[in-house]
Structure formats: C-alpha cells, structure tokens
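Here is the structure we will look at, set down as structure tokens.
The values are calculated or read from the model by the stated rules, or taken from the named source; none is laboratory data. On a predicted model such as this, the values are computed, not experimentally measured, just so you know. With ideal geometry, Cβ positions are generated from the backbone for all residues, glycine too; neighbour counts draw on all protein chains shown.
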Amino acid sequence: MSILIDASTTFIVQGITGREAVNLTRECLDYGAGAKVVGGVTPGRLGRDVHGVPVFDTVAQAVEAHGAPIDGSVVTVPPAFTKDAVLEAIANGIKLVVIVTERIPRRDVAQMVEFADAHGARIIGPNCLGIIVPDVIKMGGIGGPAKNAAQAYTPGLVGVISRSGGMTTEMSSTLSAAGLGQSTAVSIGGDAIIGSTYAELMPLFEADAQTEAIVIYTEPGGRMEAQLAAWTLENDSRLPIVAFMAGRFMDEMPGMSFGHAGTIVEGKEDTATEKIARLAAAGITVAERIEDIPDLVKQGIAERKGAAV
Amino acid sequence: MRFFEYESRKIVAKAGIPTSPHGFATSPQEARRIAQDIGAPTVIKSQVLTGGRMKAGGVKFADTPGEAAAHAEEILALEIDGHVPRGVLVDSRVAVKQEYYAGVTWDGTRKKPVMIFSPMGGIDIEEVAETHPDKVGRKHLSNLREAADFEAKEVIASTGVTGRPLQRITPILARLARLFSEYDMTLAEINPLAELEDGSFVAVDAHMDMENEARPRQKALLAELGVGDEETRQAREATEFELAGEAVDAQDHRGVAGNVTEFDGDLGLVIGAGGGSLTLFDAVRAHGGRPANYCEIGGNPSVAKACGLAKLVLSKPGVDKIAVMMSIVSNTRVDIVARGVIKACVELGHDPAEKIAIFRIPGAWEEEGFKILEAYGVPYADRSVSLNEAARRAVANV
C-alpha cells in the first residue's frame with residue numbers, strides 16, 4: 001500500500017501549458033503504471049492537448065469532461081495566481097492539491113490551507129516536488145523523468161518525508177542502494193507554512209501496513225520538527241523515525257536564510273541545534289551523515305520487532 | 001525584510017494608530033529643528049536594523065534642541081553591531097503612566113496569525129511570557145476574514161485589563177492585526193504601547209517585518225516609504241561578490257545559479273540544489289574545509305549561467321580550486337553544468353583537471369556529463385559516492 005495516492009488516483013495539472021508543466025506531465029504519464037492525468041487547465045487554452053492530455057479553461061470543465069470527481073491536482077502556475085488556482089481546484093471537489101510553485105507569500109498559503117481544511121481537502125507544498133509511490137505512480141516532478149525516478153526509487157517499507165525536493169531523491173536513492181525501498185516518498189516543501197507537515201502525515205503512514213519506518217530530511221527554521229517531536233511523544237507510534245538535519249552552519253548566522261524560504265530562523269527554537277535536541281529527546285534518531293541512515297533504519301526496525309516479541 | 005523604526009512608525013500611523021510626535025533626521029541640524037518643533041524634552045534614537053541600541057549608546061535623552069543636535073551628531077557616527085545608522089529618530093519624551101505590549105505574528109504550526117497582548121510592556125515579551133504567563137494574552141485569527149474588534153477585546157480582557165484602557169486599546173490592537181495581514185507582515189509589534197497621563201494611548205516604538213516573497217505585491221507601500229528594490233535588508237549588506245552573483249543569476253531566466261553568500265575560505269563551492277547545498281556546506285566544514293562561498297544551482301540553468309557562477313567563484317581572491325557538487329538532479333542536466341564549469345576554467349586559462357577538485361552531480365543526463373568530464377580529466381563521482389564523501393574528497397584535494 002501507499003499513502004495519499006495509488007495506481008487508481010486521477011489528477012489534473014493546473015498551468016499545464018507552461019514549460020516545466022509540460023515536462024512534468026510527460027514524466028507522470030511515463031512513470032510506473034502511468035498516472036491517470038485526466039486533464040490540464042490553462043485559461044484561454046481550451047481544446048489544446050499536452051502529450052494527449054486535454055486542456056480546459058476551468059477545473060469545472062475538466063471535471064465535467066471526466067464525468068466523475070477528480071482526486072487531485074498539481075498546481076504549477078505563477079505565485080500571483082496560485083491561490084486562485086488552488087481555491088478553484090478545491091471548490092470543484094478536488095481533495096489533494098500538490099503545489100509546485102515557490103515564492104508564494106505566507107498569507108496566501110495560510111488562506112489556502114484554511115480553505116482546504118474547511119472542505120476536507122489536503123495540500124502538499126508549496127515549493128515541493130510532489131509524491132511518489134515507487135514503480136506505481138508519481139504526482140509531480142519528484143525524481144524527474146521516469147527513467148531517472150526508477151533509478152532512485154524502489155518499492156519497500158520506508159516512508160520518506162522531506163522539506164527538500166532534491167534531498168527526497170538523494171535519501172531514497174541511498175536507501176534503495178542499501179536494499180531499503182520506499183512505501184511512499186513525499187516532498188512536503190521548503191516554505192515557512194506548508195499544507196502538510198511531518199506530524200500531519202504521520203497518522204497516514206501509521207495506518208499504512210506496508211510502512212515500517214520513517215526517514216525525514218529537516219532544516220533550520222520553523223517549528224515543524226518540534227511538532228513532530230510532540231506528536232511522537234503523545235502517540236505511541238509503531239514506526240521508528242530517523243532524521244537528517246542539514247544547514248547546521250546556519251546557527252552561526254541568525255537572520256540569514258539559505259536554501260529555502262522556510263529556513264529563516266525567527267526564534268531560538270528554530271535553530272538546528274535546538275531541533276536536534278528536541279528530536280532526540282522524543283526518541284527520534286538523528287543521523288550525522290546520509291550514508292548512516294540505512295543502518296539506523298534497520299536498527300530501528302529490529303529494535304521495534306525485538307520489543308514486540 | 002525588516003523596517004527601520006521610523007518606517008514602522010509611518011506604517012502604524014497609516015493604519016490609524018496614534019504615535020508620539022516625532023521626526024526622522026539625517027543631520028544634527030535637522031534633529032535640532034525637529035526638537036524645536038516638538039517643543040519639549042526629546043529622545044534621540046539611532047535608526048539601525050539591529051537590536052541592543054540602548055546598550056550600545058544609540059539612545060540618548062535631550063532636554064533642549066541644542067542637546068538633541070549634539071546627541072544626534074554622536075549617534076549618527078556610532079556604528080552598532082557593524083550597522084551604520086540610516087539616521088536618527090527624534091521622539092518626544094511623553095509622560096507615561098503605563099507601558100503595554102501589542103503584537104501580531106505567525107503561528108507556523110497552527111498556520112494562522114496570532115495576536116499577542118500584555119499589560120507589561122517595554123520589555124521583551126518572551127521574558128514576560130516566562131515570568132508572568134497570566135499577563136500575556138494570545139488569540140489566533142482566521143485567514144479567511146478580517147480580524148474583528150471583538151477578537152482584540154477578548155485578548156486584552158484575558159489579561160485582566162478593563163475600563164477605559166480596554167476601550168482605548170481594542171481598536172489599536174485590531175488595527176495592528178489588520179495591517180499585519182494587509183501588508184504581508186511576519187511581525188507587527190508595538191512595544192511599548194504607552195498610556196499617557198491624560199489617558200490617551202500612543203505607539204512609542206514599533207517593529208515591523210515584511211515577508212520577502214510579498215515584496216512584488218507591496219510595491220505601493222514600499223514606494224511610499226522610499227524603499228528601493230536594491231535594498232535587500234538582509235541581516236548584513238550584500239558584498240560586491242554577492243552582488244556579482246546576483247548579476248550572474250539575472251543574465252537569463254533559465255534555472256538558478258546564484259544565491260551566493262561570501263565566506264572567507266579557500267575552497268570555492270559550486271553546489272546545489274537547496275537542500276543539497278545546505279548538506280554539502282555542512283559536510284565540507286565537518287571535514288575541516290574552509291568554504292569561500294555558499295551558492296545554489298537548480299532548475300536547469302543554462303551553460304552560460306553555470307559558467308558565469310564558476311568563473312565568479314574561481315576569480316575570488318584566495319580561491320585555489322572549486323568543488324562542483326549537487327544532490328541527485330532530476331531536472332537540472334548534469335552535462336550542462338559540466339560544460340559550464342569546464343568552460344569557465346578554460347576561458348580563465350586554467351586546466352579543468354587541476355581547478356575542479358571534484359565533480360559530484362549524478363542524475364539526469366549523467367552519461368553525457370561524465371563523458372565530457374572524462375575527456376577533460378576532471379575527477380568525478382556518481383551517486384554511489386555520498387555527498388559527505390564527495391565533500392571529504394574535495395577538502396582533501398585542495
């Protein structure tokens with residue numbers, strides 16, 4: 001099994017005629033069993049097609065043409081238009097929105113998230129590469145062209161959650177090389193406010209029988225790691241978690257932002273040092289190097305199994 | 001981006017929140033004139049984008065316009081924490097009965113703005129929250145509608161404030177919450193909010209931070225305040241090297257090869273992407289390496305851009321070699337980056353095999369990329385070599 005998406009998931013691409021979106025559509029169609037990309041939306045481009053995917057002016061038209069509710073949308077439109085595109089998707093019954101766009105102001109993100117909550121929808125991102133279920137489906141640019149994605153991702157028992165799109169692939173590739181496949185890998189986005197945090201995805205992995213361990217990539221900035229630490233302490237999770245913290249050097253440079261917008265340190269709880277301490281205190285293993293992750297995952301799984309006997 | 005106090009005061013006043021009479025001066029003469037207009041004792045405050053002004057001697061009290069001018073002269077010449085003051089704020093010394101705190105910021109976990117209020121103002125709010133938690137009121141706001149007056153009233157009342165102060169502060173806190181949203185602030189703070197002897201309230205100091213991502217749609221406010229696009233308001237001013245990095249990135253719209261930050265080491269870094277750069281920078285330092293710079297490549301930059309960035313780093317005084325490293329790339333092409341960095345070496349008259357300490361970028365178009373690197377004898381590594389090991393080799397090769 002997997003979380004969020006599976007082979008039957010249908011989705012559209014909003015902003016489908018943009019250069020990156022055209023590539024992304026090709027990649028999703030080619031990967032695994034081939035994603036069910038049932039339409040694309042670019043206002044004013046009704047009647048065109050992108051790699052055989054019909055283009056509509058509105059999400060409503062796409063839903064009507066499909067003749068049934070559509071599960072998801074990948075949104076890749078300029079920052080000034082993203083909020084409207086996401087509201088449109090949700091208003092038309094879409095329950096899973098992956099926002100690729102970066103540089104969206106926090107106020108817009110927060111509005112989209114509150115609107116999604118009110119409609120029982122979930123947002124992944126913004127500033128993310130999407131979701132991949134190895135060998136089955138990918139929704140978003142994660143892993144790149146089908147050939148490259150297949151090289152890095154293999155099916156297995158590790159759930160991957162990462163604030164960096166590229167590092168989702170780097171860590172999954174390292175796991176794959178060590179014989180540890182992934183159940184689902186989620187690039188959650190690098191912004192200060194995102195639709196789904198680690199702690200908000202944990203219950204899904206917890207409920208997924210295939211998943212036996214979690215690997216996360218983290219950075220300075222924000223309180224997402226503190227939230228995960230609290231979740232871990234409050235819920236008696238069956239899943240061992242291994243975390244990798246990048247950007248430790250930033251602790252010496254308060255007020256500067258590197259890598260992603262969300263890395264801006266706005267309080268003393270946001271530093272790498274503080275986060276590592278919090279994660280460790282919650283029983284989460286913090287890896288010093290990425291190559292150490294596979295062994296730590298194996299140890300974590302073995303310990304849980306030992307404890308269960 | 002952070003605003004200076006004199007700008008924050010303008011923003012507050014624009015939102016209909018009264019402030020103590022004040023003026024902004026860049027010379028002692030101007031300071032004298034403002035003090036004369038105020039016609040009462042004044043406070044001269046350094047306008048710098050850093051805290052600890054008081055301790056550093058950047059805040060001084062004056063009884064006469066002459067004294068105001070003398071203090072202004074001193075403060076204008078006083079560097080605080082490496083920041084040269086933009087000017088001084090000449091503020092009236094109001095007769096304060098009580099100081100309050102009013103602020104709005106983001107709660108990233110709840111994904112909502114939060115209003116914060118305390119009747120113990122004038123000091124650090126985090127300190128008050130620790131020592132007198134019952135004196136700090138908080139309330140989350142909806143993202144989907146404007147903050148209402150009653151919400152401000154509830155926060156204030158929750159701290160035990162009632163009577164006229166409650167009536168007077170309610171619209172001030174509500175307006176602060178509304179300006180926070182309207183202007184895409186990440187922090188909007190009035191501390192202290194002063195209750196004067198006559199029962200009126202004025203903002204005596206204000207601190208505003210706006211989200212960088214919102215600058216394009218806040219052009220009108222920025223223009224009104226006279227903040228130009230070139231003012232990045234980072235924690236420190238951009239260096240010439242960093243500005244040159246921005247110019248490289250701006251040469252075309254294909255991908256990113258920039259976000260350059262200068263350091264004083266000898267190992268030039270041409271690294272990416274966002275998370276990869278953070279990981280690699282840590283790894284280089286963990287192996288005892290001294291980076292000359294931080295940067296990010298991503299989103300499939302052109303050969304010209306990769307070349308421009310590599311040239312810039314290679315030309316930095318003290319840099320002997322560059323390490324070209326990224327986490328596995330999906331949409332950036334390995335061959336394009338390889339071409340770019342080799343071109344940079346050749347055009348500067350260097351042997352790429354000598355100048356590139358290591359090339360570790362696996363992923364899209366890697367076969368083509370590795371072929372080019374081999375032809376030039378550049379040491380390279382595929383995905384079987386970790387980011388950490390690549391960093392170790394780079395450091396060992398300097």
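Scan the range A:296-305 and tell me whether some residue there is out of contact with any Phe, Trp or Tyr (no Cβ under 9 Å at 6 or more places or on another chain), modelled with pLDDT under 95 and loosely packed, with under 15 Cβ neighbours inside 10 Å. Yes, the range A:296-305 contains a residue that is out of contact with any Phe, Trp or Tyr (no Cβ under 9 Å at 6 or more places or on another chain), modelled with pLDDT under 95 and loosely packed, with under 15 Cβ neighbours inside 10 Å.
Scanning the range B:223-233 for residues that are within 14 Å of another protein chain (Cβ to nearest Cβ) and without any contact (Cβ under 8 Å) to a residue 12 or more places away in the chain yields a count of 0.
When the residues of the range B:68-106 are filtered to those that are within 30 Å of residue B:199 (Cβ to Cβ) and in contact with a Gly (Cβ under 7 Å, 6 or more places away or on another chain), which remaining residue is nearest to the other protein chains (Cβ to nearest Cβ)? Only one residue tops the list, namely B:101. Criterion first (more than 12 Å from every other protein chain (Cβ to nearest Cβ), within 16 Å of the chain's Cα centre (by Cα), in contact (Cβ under 8 Å) with a residue 60 or more places away in the chain and buried (at least 16 other Cβ atoms within 10 Å of the Cβ)) does residue B:194 satisfy it? Against the criterion (more than 12 Å from every other protein chain (Cβ to nearest Cβ), within 16 Å of the chain's Cα centre (by Cα), in contact (Cβ under 8 Å) with a residue 60 or more places away in the chain and buried (at least 16 other Cβ atoms within 10 Å of the Cβ)), residue B:194 does not qualify. Selection of the range B:371-398 for residues being under 22 Å from residue B:330 (Cα atoms), within 14 Å of chain A (Cβ to nearest Cβ) and either in contact (Cβ under 8 Å) with a residue 24 or more places away in the chain or not in a loop (DSSP other than H, G, I, E, B) (or both) yields B:383, B:385, B:387, B:388, B:389, B:390, B:391.
Give the residues of the range A:22-80 that are more than 20 Å from residue A:90 (Cβ to Cβ) and within 14 Å of another protein chain (Cβ to nearest Cβ), sorted by residue number. Across the range A:22-80, the qualifying residues are A:22, A:23, A:24, A:25, A:26, A:27, A:28, A:30, A:31. As a summary of the residue check, residue A:229 satisfies the conditions (1) of a type outside the set (Phe, Trp, Tyr); (2) crowded, with 23+ Cβ neighbours inside 10 Å; (3) in a helix (DSSP H, G or I); (4) facing chain B (nearest Cβ under 10 Å) except for the one numbered (4).
Only one entry of B:217, B:254 meets the criterion of being basic (Lys, Arg), within 12 Å of another protein chain (Cβ to nearest Cβ) and not in a helix (DSSP H, G or I), and that entry is B:254.
In the condition set (1) surrounded by fewer than 20 Cβ atoms within 10 Å (Cβ to Cβ); (2) in contact (Cβ under 8 Å) with a residue 40 or more places away in the chain; (3) within 14 Å of chain A (Cβ to nearest Cβ), residue B:200 is compliant with all but (3).
Of the strands (runs of 3 or more DSSP E) lying entirely inside the range B:257-334, those containing at least 3 residues that are within 24 Å of residue B:354 (Cβ to Cβ), touching a strand residue (DSSP E or B) at 6+ places or on another chain (Cβ under 7 Å) and away from chain A (no Cβ under 13 Å) span B:267-272, B:321-326. When each of A:71, A:49 is tested for being in contact (Cβ under 8 Å) with a residue 60 or more places away in the chain and over 15 Å from residue A:125 (Cβ atoms), the lone residue that passes is A:71.
Within the range B:107-136, being within 12 Å of another protein chain (Cβ to nearest Cβ) and polar (S, T, N, Q) holds for one residue alone: B:109. Say whether the condition of being more than 21 Å from residue B:274 (Cβ to Cβ), outside any loop (DSSP other than H, G, I, E, B), hydroxyl-bearing (Ser, Thr, Tyr) and touching a residue at least 40 places away in the same chain (Cβ under 8 Å) is met by at least one residue in the range A:181-188. Looking through the range A:181-188, at least one residue is more than 21 Å from residue B:274 (Cβ to Cβ), outside any loop (DSSP other than H, G, I, E, B), hydroxyl-bearing (Ser, Thr, Tyr) and touching a residue at least 40 places away in the same chain (Cβ under 8 Å).
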